[in-house]
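Just so it is clear, none of the values below were taken in a lab; they were calculated from the coordinates. The structure presented is a predicted model; accordingly, all values stated were derived computationally and were not measured. Every residue, glycine as well, gets a Cβ built from its backbone with ideal geometry; the counts of neighbours run over all protein chains shown.
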Amino acid sequence: MKFKKNILCIGAGYVGGPTMAVIAAKCPDCKVTVVDINAERIRAWGTDQLPIFEPGLLAVVREARGRNLFFSTDIAAGIREADIIFVSVNTPTKTFGHGAGMASDLQYWEKTAHEIVAHSDRAKIIVEKSTLPVRTAEAMERILQENKKGIPFEVISNPEFLAEGSAVRDLLEPDRVLIGSRQTETGLRAAREIVDIFASWVAAERIITTNLWSAELSKLVANAFLAQRISSINAVSALCEKTGADVGEISFAVGSDSRIGRRFLNASIGFGGSCFKKDILNLVYISRSYGLNEVADYWEAVVRMNEYQQERFVQTIIREMFHTVVGKKIAMLGFAFKADTGDTRESPGIHVARKLLEEQAVLAITDPQALDNARRDLAGLAGAVEFEPDPYRAAADAQALAVVTEWEAFKKLDYEKIFASMRKPAFVFDGRNILDHRKLFEIGFNVFPLGKPSLTHFA
Ligand code: UDX
Ligand code: ADP
């Protein structure tokens, strides 16, 4: 069959995989190929055990796989064949050298740019999908324009707004699709080609076109605003614990103002995930590099508040368990950075586990999807840690439960049975405020929610 367009995606991860599966399902006249250097990942995309856990994804992949959706490790062939190349390789925060802990590590992204130049023999549209610092498109253009073959490339920014756990729904029914381009004739023409892809299933008024820098910056700002709401309510949760106010009641009362809105006001042990911290730090880094120190400090405080909240959770556990957790078994309910994903990148669970192990607690970690990642994240740490798929076994003989991830399954556990199997006095630290605290108290637990009065049996 002859396809109308050949679309390539470099990077078969959390962003590239679901996005391309949806594009392929919705545009049967386009051939969509996803390539990756990771052969194991590519192999898994060809099976029913997809390399990432995402509700509803398998059905979408199955609809298009083998028809117009293909997975391959042959990056060179993919580039040669493509009319449009989406780049969704990983861009984690640098862990070394200048800008370590702040700037993005662009080595994978730059390698991709060079590969595109090496294997192209005709004009192509390059679409930035990965989260990138502002003005990366310019660097991409410079590398592409260095090609000796005189091939014209047009760079488009099409940032991804999907959230893990709801990726398929977010892709099928996006609030908006953002497409940034150079405001030149060729730039606008390239943007129209990308608009046409999404217009197959997204209403025209939800497809926003802007200049390149607005698109790049919008992505960072959207994530910074969302993260800021979480840090704001988390700051309030600390105040609630001192004043007797209830953070849930405050979220409801404040969020009822239609100008504020209810979403993203759940107090928690802090936000995680691959985007929020990285994007804010990008914003901080770029602001500082332009000498805008007040702007940088303002956004950096959102990250500092998040770290404070994670640490506060650990300190509450230690303080309330009589200032020592040495040798005490603590069952961590959840390790993923949020429910409905196996992803643990920047998960508050990592900080909590590390700190409790440093304090010589004995950990039993349970999570429906994230145990393999948890094992990798904690590899090499000294201390006693057990990874247990069965929450009842994780809790047996434990002295405390620490809720890290808001999995639905944790709400439905038989807490009478769990209480009976635990050592006494038994504690619950609910870092997500998902459990029925009054009921747990009545069963016999000493309950420490976030930002709400604690319920204890101590005189
Ligand atoms: C985020 C953005 O939502 C998405 O648009 C962007 O493309 C990528 O980054 P994601 O990281 O998948 O998506 O998850 P999100 O649902 O935004 O949650 C991020 C973190 O905030 C999680 O750790 C979550 O548990 C936490 N959170 C969220 C809260 O603590 N409280 C809330 O009220 C909402
Ligand atoms: P994201 O959440 O941004 O999608 P992931 O880490 O899940 O990040 O996915 C990025 C993918 O990009 C990984 O599977 C990685 O192997 C792949 N990748 C990194 N560099 C290259 C490259 N030069 N060529 C092809 N794939 C790459």
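For this structure, a couple of remarks:
- Ranked by how many other Cβ atoms sit within 10 Å of their own Cβ, fewest first, the residues ASP414, ASP105 fall in the order ASP414, ASP105.
- Computed over the chain: relative contact order in percent, which uses C-alpha pairs under 8 Å that are six or more apart: 11
- For the pair SER232 and LEU292 in one chain, pulling the backbone fully straight at 0.36 nm per residue adds 19.4 nm over the alpha carbon distance.
- Distant alpha-carbon pairs in the stretch 5-202 (separation over 30 angstrom), percent: 16
- Estimated distance in nm for a label pair at GLU311 and LEU239, the labels positioned 7 Å out from Cα along Cα-to-Cβ: 2.1
- Segment ALA77..GLU63, full-extension length gain: 2.6 nm, with 0.36 nm per residue of separation and the alpha-carbon distance subtracted.
- For the chain, the list of Cys residues with no other Cys C-beta under 4.7 Å reads CYS9, CYS240, CYS275.
- Footprinting exposure proxy for PHE225, PHE3 (fewest neighbouring C-beta atoms within 10 Å first): PHE225, PHE3
- Local electrostatic count at VAL60 - Lys and Arg +1, Asp and Glu -1, tallied over other residues with Cβ under 10 Å: +1
- Restriction of the trypsin sites (Lys or Arg not before Pro) in the stretch 132-162 to DSSP coil positions whose beta-carbon has at most 14 other beta-carbons within 10 angstrom yields ARG135, LYS148, LYS149.
- Total formal charge among the other residues, if their Cβ is under 13 angstrom from that of PHE387, Lys/Arg +1 and Asp/Glu -1: -3
- Stretchable slack from ARG354 to ALA420, in nm (0.36 nm times residue separation minus alpha-carbon distance): 21.0 nm
- Size of charge dipole - the chain - debye, nearest 20, with Cβ of Lys, Arg +1 and Asp, Glu -1, no other charges: 300
- Cross-link pairs exceeding 26 Å between alpha carbons, from the set LYS149/LYS219; LYS277/LYS355; LYS2/LYS148; LYS242/LYS278; LYS338/LYS412; LYS277/LYS338: LYS149/LYS219; LYS2/LYS148; LYS242/LYS278.
- Angle in degrees between helix 107-119 and the longest Cα principal axis of the chain, rounded to the nearest 10: 20
- Total formal charge among the other residues, if their Cβ is under 14 angstrom from that of GLN360, Lys/Arg +1 and Asp/Glu -1: +2
- Approximate spin-label separation HIS98-ASP48, in nm, with each point projected 7 Å along Cα-to-Cβ: 5.2
- Spin-label proximity, ARG263 to the stretch 315-358 - amide N less than 20 Å from point 7 Å beyond Cα toward beta carbon: 337-341
- Shape call, the stretch 135-275: gyration tensor on alpha carbons, a/c limit 1.5: prolate
- Degrees, to the nearest 10: 212-243 long Cα axis against longest axis of the chain: 10
- With contributions of -39500 (n - 2.57) from each DSSP H run of at least four residues, the per-residue ellipticity at 222 nm computed over the chain stands at -13000 deg cm²/dmol.
- Global geometry of the chain, whether rounded, prolate or oblate, following the gyration tensor of its Cα atoms and the 1.5 cut on a/c: prolate
- Looking at the stretch 5-202, the DSSP beta bridges with both ends there are about 10 percent antiparallel.
- Restriction of the trypsin sites (Lys or Arg not before Pro) in the stretch 228-285 to DSSP coil positions whose beta-carbon has at most 15 other beta-carbons within 10 angstrom yields ARG259, ARG262, ARG263.
- Angle in degrees between helix 185-198 and the longest Cα principal axis of the chain, rounded to the nearest 10: 50
- Entry note, the stretch 5-202: relative contact order of 21 percent, from Cα contacts under 8 Å with a spacing of 6+ residues.
- Prolate/oblate/rounded label for the stretch 403-459 (Cα gyration tensor, a/c 1.5): oblate
- Between PHE441 and ILE37, the simple label model (points 7 Å from Cα in the Cβ direction) yields a spacing of 5.5 nm.
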